[in-house]
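Written below as structure tokens is the structure these notes are about.
The values are calculated or read from the model by the stated rules, or taken from the named source; none is laboratory data. None of the values given here were measured: they were computed from a predicted structure. Cβ sites come from the backbone with ideal geometry, for glycine too, and all protein chains shown count toward neighbours.
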Amino acid sequence: MNVHDSERIAGVLEEMGYTAVDREVAMTGAVSIFAINTCAVRENAANKLYGHLGKLLELKKTNPELTVIVGGCLAQKDKDEMAKRARAVDVVFGTHNLHNLPRLIETAIETNKAQVEVLPRLVQFPSELSAKRGSKHSAWVSISMGCNNTCTFCIVPQLRGKERDRRFEDVVREVEAVVENGAKEVTLLGQNVNSYGSEFGDRHLFSKLLRKMGEFQERGLERVRFTSPHPASFTDDVITAMAETENVMPSLHMPLQSGSDRLLRLMRRSYNSARFLEILNKVRTAIPHAAITTDIIVGFPDETEEDFEETMRVVEEARFSSAYTFEYSIRPGTPAATMENQITKPVVQERFERLLKVQNAISLEEQQKQVGREVKVMISNTQGRKDAADNRVSGYTEDGRLIHLDDACDLNEGDIVSATVSYAAPFHLLGSRT
Ligand code: SF4
């Protein structure tokens, strides 16, 4: 979501007549405008940002014309602190007022006064904003913003507000445009992507959207993905639509967060471990080769050894192809930040390492099942790598696994080729074209 927001900021700036330069050039300060998009989800984001602002203040001494704009969740959360740093920052904007960016920048330049504008909520989905996309072949398309859930560890609802759904026709129009422009892959984005339609009173709108994406296959849309779904609102019609729509990929990122029902209640996740595993079973029955990944938080406040053992049990049963595991850390402003019984760092770390060991072993076993299989690989432009030493090219399989192909330097980003998997490691595969 944050990466795509950066694409939209870049799109707005481009429409204003600015041209993007490489980061290295920007860091010299010899530019007209320096844009920073912040994220409050990651720990240390604030420290990093203030470190950057210190450097930018120095650059402004050599280039007084430099305009610094700071947007995103952290800017929204810490707007007062930002305002205090007015000498370094010319414009502070939040997640709900990207469309006002031209006015804010122009006013800051004309008046030589810092402009701080943070709107409490999104009035309307900003469908008209264009994006300067990082990839021609693979496009993010937002379908909703904000979230109606209240997970106690998460700052998103406070910063992004309630869910606002984008009109179905507007989503389809953007997909049509990116496909016309050469995109072969689209990732539908939402904080709680499968609750799309709740604002319009249609709880099946997300599955209808997936089926609609199927109609674009003959026009070149080969791969449709989405992130992130929420288990509590993951309905059977979505599973059926995934299974029956050829270009919807057999991969699913389904955040577990904890395997303990007690902790899931403390986290206000609105599902229990049995319901979570039931969804996974249904997905695997309908789509046998689906690769399922997850997010897990270790050391949430009041997590006991028994709670952690429950997470280990679910992880062993779920057999995720990979997991993003996080050591819980306090996010000021969230309900969990003030909960009693915060877990000490050594305990969190010890559990985290145990979980990692088990999950890495599962990941490797699941990856090894791929060896000998023929897979379709889309050469990646953003995450892939060309390695001149061994002529390797990287890409992703249909179920979302990273694979490096030998002797494939003639391939271009966005190409889709068949390959046979020859080797598996926990986080990547090796293969050759067939
Ligand atoms: S569903 Fe996701 S975005 Fe919404 S509150 Fe929970 S963790 Fe945050």
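For segment 221-237, residues that are in a helix (DSSP H, G or I) and within 16 Å of the ligand (Cβ to nearest atom) total 3. Counting the residues of segment 54-106 that are touching a Gly at 6+ places or on another chain (Cβ under 9 Å) and β-branched (V, I, T) gives 4.
If the condition is being at pLDDT below 95 and surrounded by 15 or more Cβ atoms within 10 Å (Cβ to Cβ), then segment 389-401 contributes R392, V393, S394, G395. For segment 244-277, the set of residues classified as more than 16 Å from the ligand (Cβ to nearest atom) and closer than 18 Å to S207 by Cβ consists of E244, T245, E246, N247, V248, M249, P250, S251, listed by residue number. Remark: pairs (first residue in segment 205-216, within 15 Å of S144 (Cα to Cα); second residue part of a loop (DSSP other than H, G, I, E, B) and of a type in the set (A, V, I, L, M); Cβ separation under 7 Å; 6+ apart in sequence or on different chains) = L209/I143.
Anything in segment 183-220 that is part of a helix (DSSP H, G or I) and either among the aromatic types (F, W, Y) or within 16 Å of the ligand (Cβ to nearest atom) (or both)? List them, or say none.
Of everything in segment 183-220, those that are part of a helix (DSSP H, G or I) and either among the aromatic types (F, W, Y) or within 16 Å of the ligand (Cβ to nearest atom) (or both) turn out to be V193, N194, S195, S198, E199, F200, F206.
Here R173 passes the criteria (1) at pLDDT 90 or above; (2) within 16 Å of the ligand (Cβ to nearest atom) except the one numbered (2). What's the total number of residues in segment 77-96 that are of a type outside the set (D, E), at pLDDT below 85 and outside any loop (DSSP other than H, G, I, E, B)? Matching residues across segment 77-96 total 5. I want to confirm something. Restricting to segment 123-170 and keeping residues that are of a type in the set (K, R) and either part of a strand (DSSP E or B) or within 19 Å of R269 (Cα to Cα) (or both), which single residue is farthest from the ligand (Cβ to nearest atom)? Of everything passing the filter in segment 123-170, R164 is farthest from the ligand (Cβ to nearest atom). Just one of the numbered conditions (1) crowded, with 17+ Cβ neighbours inside 10 Å; (2) at pLDDT 90 or above is not true of E106: (1).
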